[in-house]
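Read through the structure below, which is laid out as structure tokens, and then see the notes.
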Amino acid sequence: IPVFSPFTVEDYKVSLYILNLFLKIDYNAELFYDWELLMAAAYYDVIVIGAGASGLMLAALAARRGRKVLVVEKANKVGKKILMSGGGKCNFTNLYVEPEHYISHNPHFVISALSRYSNWDFIGLVCDYGIEYEERKHGQLFTLNGAKDILNMLLSECKKTGNIEIRSSCEVKAVNPLCENSFEVITAQGQFNCESVVVASGGLSIPTLGGSGFGYELAKQFGHYVYPTRAGLVPFTFSDQFKEVTTRLSGNALEATLSNSLNSFTEALLFTHRGLSGPSALQLSNYWCNGESFQINFLPGTDIAIWLKQKKQSQSKVLLRTLLNEYMAKSIVVELQNLIWPEESEIGIGNLSDQRLEEIGENLQNFSVKPSGTEGYRTAEVTLGGIDTTEVSSKTMESKKQKGIYFIGEVLDVTGHLGGYNFQWAWASAHAASQYV
Ligand code: FDA
């Protein structure tokens with residue numbers, strides 16, 4: 001029985017008892033003792049699904065409380081996304097973390113976990129390991145020597161207690177409740193039993209780095225509502241006339257404000273052969289839905305119409321494109337000229353009416369574009385939507401539908417802005433659950 005079918009310690013004891021009855025095998029003998037040890041080895045207090053940012057963090061913290069933890073990871077290596085993050089330098093947190101930096105249908109959900117494990121707690125851990133880091137724009141903290149420093153730190157924390165086993169190439173296929181406080185977890189490497197299951201399997205972004213919908217399916221199995229998902233922090237694509245412009249400008253960047261009715265971001269905007277990328281585009285993608293337009297201000301922080309009218313007085317013979325070279329690369333100005341003032345391209349500014357200058361200024365600062373879509377999960381940094389957080393405890397991250405099941409990290413309907421906020425959520429939600437699993 002133990003060899004050929006899924007079983008628990010209890011099943012095993014019963015089967016030995018039956019053998020004892022019918023075959024007169026002494027179940028107090030050494031055989032029983034060894035099998036019980038073997039069974040104990042396959043039984044964990046906590047099984048964590050996913051060895052990504054949140055899963056490794058949770059394992060380290062739960063093991064510190066004396067919990068025996070198994071982390072199962074479907075990829076052949078752990079922490080793949082951490083290694084790729086922040087252009088290989090891992091933007092591991094931010095100096096200014098506020099609930100406003102997160103998108104969720106239940107915006108208050110993040111407050112408790114973020115306040116109990118703050119950016120300063122994680123910075124403290126990074127400092128304990130002597131990891132060198134730098135502050136970039138907007139309080140973003142990046143390692144100086146590479147994301148591997150963060151992954152190695154998490155793995156060292158996991159090794160500290162000796163209570164954690166990590167198995168890679170071990171995809172979880174199913175999780176079944178057995179009885180109260182007991183689950184069986186069916187994996188590619190066999191079946192394991194545990195008291196608590198932590199779903200840290202992330203979202204759908206970048207399938208080659210482990211992106212998977214497993215967590216959503218599991219949540220549905222236990223009766224959870226899962227908000228529709230879509231790619232976030234992702235470049236925009238175009239199929240109209242603007243695509244030709246971005247293709248020609250591919251590789252060029254400038255500081256710009258991208259906005260729609262929901263939000264506005266002033267950061268670098270990068271032209272690509274498929275459309276628009278760079279921090280400002282990635283940030284706005286979190287607030288954009290298919291079919292919508294958004295506005296680009298190519299000259300943030302300036303009232304360009306007033307500036308042009310002043311130039312009209314002082315440099316009346318100069319062409320508009322020559323004047324604008326003061327603000328941006330020639331190639332970008334030429335493309336904007338073709339889009340906004342093609343008829344007046346060879347006319348000195350002094351010959352343009354104030355009204356026309358105002359129109360041109362308005363276009364430069366409120367230029368409307370309509371993407372055909374985004375690059376999708378293939379390149380998205382995050383997944384928007386996910387498990388409805390009203391059905392999860394904000395204190396413990398435990399499911400309100402199924403005792404013993406916990407959800408942490410990106411699988412929940414919590415998405416951070418660009419800037420280290422997503423990792424901070426992974427650390428904080430892992431910390432919250434680690435105290436209760
Ligand atoms: P994460 O995705 O890290 O881990 C989930 C793990 O579960 C994966 O290893 C996956 O293989 C595994 N898994 C899935 N299904 C499974 C199954 N059935 N069985 C077993 N294992 C399974 N954020 C940030 O704050 N700063 C940054 O610099 C970046 N940079 C960045 C770059 C790129 C390219 C990407 C794609 C993403 C970022 N992010 C980021 C986002 C950040 O990586 C992300 O928010 C966190 O990794 C989420 O952590 P989780 O632990 O929730 O999932």
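From Cα pairs below 8 angstrom and at least 6 apart in sequence, can you work out the relative contact order of the chain, rounded to a whole percent? Mind dumping the intermediate values first?
On the way: 891 pairs, mean separation 97.7, N = 437.
22 percent.
Roughly how big is the chain's charge dipole about its Cα centre, with Cβ charges of +1 (Lys, Arg) and -1 (Asp, Glu), in debye to the nearest 20? Kindly include the intermediate steps, with their values, before the conclusion.
Details: 37 positive and 45 negative charges, 85 e Å.
I would put it at about 400 debye.
Can you bin the stretch 120-251 into rounded, prolate or oblate? Criterion: square roots of the alpha carbon gyration tensor eigenvalues sorted a ≥ b ≥ c, rounded for a/c under 1.5, prolate for a/b above b/c, oblate for the rest. Before the final figure, lay out the partial values.
Values: a/c = 2.59, a/b = 1.28, b/c = 2.03.
Cα axes put the stretch 120-251 in the oblate bin.
Taking 0.36 nm per residue of separation and subtracting the Cα-Cα distance, what length does fully extending SER261 through LEU178 add?
Working: separation 83, 0.36 × 83 = 29.88 nm, distance 4.89 nm.
Length difference between fully extended and current span is 25.0 nm.
In Å³ and rounded to a whole number, note down the convex hull volume per residue for the Cα atoms of the stretch 38-105. Write down the numbers at each step before the final one.
On the way: hull volume 10.8 nm³, N = 68.
Convex hull volume per residue, Cα atoms: 158 Å³.
Using a/c under 1.5 as the rounded threshold, could you call the stretch 293-351 rounded, prolate or oblate? The axes a ≥ b ≥ c are square roots of the C-alpha gyration tensor eigenvalues, and prolate needs a/b larger than b/c, oblate otherwise.
Numbers: a/c = 1.78, a/b = 1.29, b/c = 1.38.
It is oblate, given that a/c is not under 1.5 and a/b is not larger than b/c.
Quick one: grab the alpha carbon gyration tensor of the stretch 84-180, order the square roots of its eigenvalues as a ≥ b ≥ c, and give me rounded if a/c is under 1.5, else prolate or oblate depending on whether a/b is larger than b/c. It would help to have the intermediate numbers written out before the result.
Numbers: a/c = 1.91, a/b = 1.22, b/c = 1.57.
It is oblate, given that a/c is not under 1.5 and a/b is not larger than b/c.
Where does the charge balance sit around ASN422 when Lys and Arg score +1, Asp and Glu -1, over other residues with C-beta under 14 Å from its C-beta?
Working: positive: LYS81; negative: GLU381, GLU410, ASP413.
That sum, taken over residues with Cβ under 14 Å, equals -2.
Sequence-distant or interchain residues sharing an amide H contact under 5 Å with GLY278, placed H: which?
Excluding prolines and chain starts, which carry no amide H, the hits are LEU270.
Rounded to the nearest 10 degrees, what's the angle between the helix 330-340 long axis and the longest principal axis of the chain, both from Cα atoms, 0 to 90?
80
Could you run the Karplus curve 6.51 cos²θ - 1.76 cosθ + 1.60 with θ = phi - 60° over the stretch 373-390 and give me ³J(HN,Hα) per residue in whole Hz, x for Gly and Pro?
x, 10, 6, x, 4, 4, 10, 5, 7, 9, 10, 7, x, x, 5, 4, 6, 5
What residues qualify as long-range amide H neighbours of THR374, i.e. H under 5 Å apart, gap of 5 or more or another chain, H built at 1.01 Å from N?
THR237
Arrange LEU254, LEU262 by Cβ neighbour counts within 10 Å, fewest through most, would you? Intermediate results must be reported in sequence, preceding the final value.
Numbers: LEU254 19, LEU262 13.
If I rank by nearby Cβ atoms, fewest first, I get LEU262, LEU254.
Rounded to the nearest 500, what is the 222 nm mean residue ellipticity of the chain from helices alone, with -39500 (n - 2.57) per DSSP H run of 4+ residues and division by all residues? Mind showing how you got there, number by number?
Numbers: 15 runs with 152 residues, N = 437.
Only helices count here, giving -10500 deg cm²/dmol.
Hey, which aspartates and glutamates would be in cross-link range of LYS370, C-alpha to C-alpha under 19 Å, not counting anything within fewer than 8 residues on its own chain?
ASP240, GLU244, GLU292, GLU335, GLU362
Which whole-Hz couplings ³J(HN,Hα) result when phi for each residue of the stretch 50-65 is put into the Karplus expression 6.51 cos²θ - 1.76 cosθ + 1.60, θ = phi - 60°, listed in order with x for Gly and Pro?
Rounded to whole hertz, the list is x, 9, x, 4, 6, x, 5, 4, 4, 4, 4, 6, 5, 5, 4, 7.
Going by amide H atoms built from the backbone, whose H comes under 5 Å of the H on LEU178, apart from near neighbours?
Under 5 Å from the amide H of LEU178 lie the amide H atoms of PHE183, GLU184, each far enough along the sequence or on another chain.
Do any of LYS159/LYS220; LYS68/LYS148; LYS243/LYS312; LYS173/LYS220 go past 24 Å between their Cα atoms, and which? Let's see the in-between values first.
Values: LYS159/LYS220 33 Å; LYS68/LYS148 26 Å; LYS243/LYS312 32 Å; LYS173/LYS220 14 Å.
Check vs 24 Å cut-off fails for LYS159/LYS220; LYS68/LYS148; LYS243/LYS312.
So for the pair ALA188, ASN351, with labels modelled 7 Å out along Cα→Cβ, what separation do we get in nm?
About 6.9 nm separates the two model spin labels.
If I model a spin label as a point 7 Å beyond the Cα along the Cα-Cβ vector, how far apart are those points for LYS243 and TRP120 in nm?
5.0
For the stretch 193-224 and the stretch 319-333, compute the distance between their C-alpha centroids and round to whole Å.
Measuring centre to centre over Cα atoms gives 50 Å.
Enumerate the calculated ³J(HN,Hα) couplings along the stretch 111-123 in order (Karplus 6.51 cos²θ - 1.76 cosθ + 1.60, θ = phi - 60°), each rounded to whole Hz, writing x wherever the residue is Gly or Pro.
Once θ is set to phi - 60°, the couplings for the stretch 111-123 become 4, 4, 5, 5, 7, 7, 9, 8, 4, 5, 5, 6, 4 Hz.
Rule-based calculations on the coordinates, nothing more; no lab input. Being a predicted model, the structure only gives us computed values, none of them experimental. Reconstructed Cβ throughout: ideal geometry from the backbone, glycine too, with neighbour counts over all protein chains shown.
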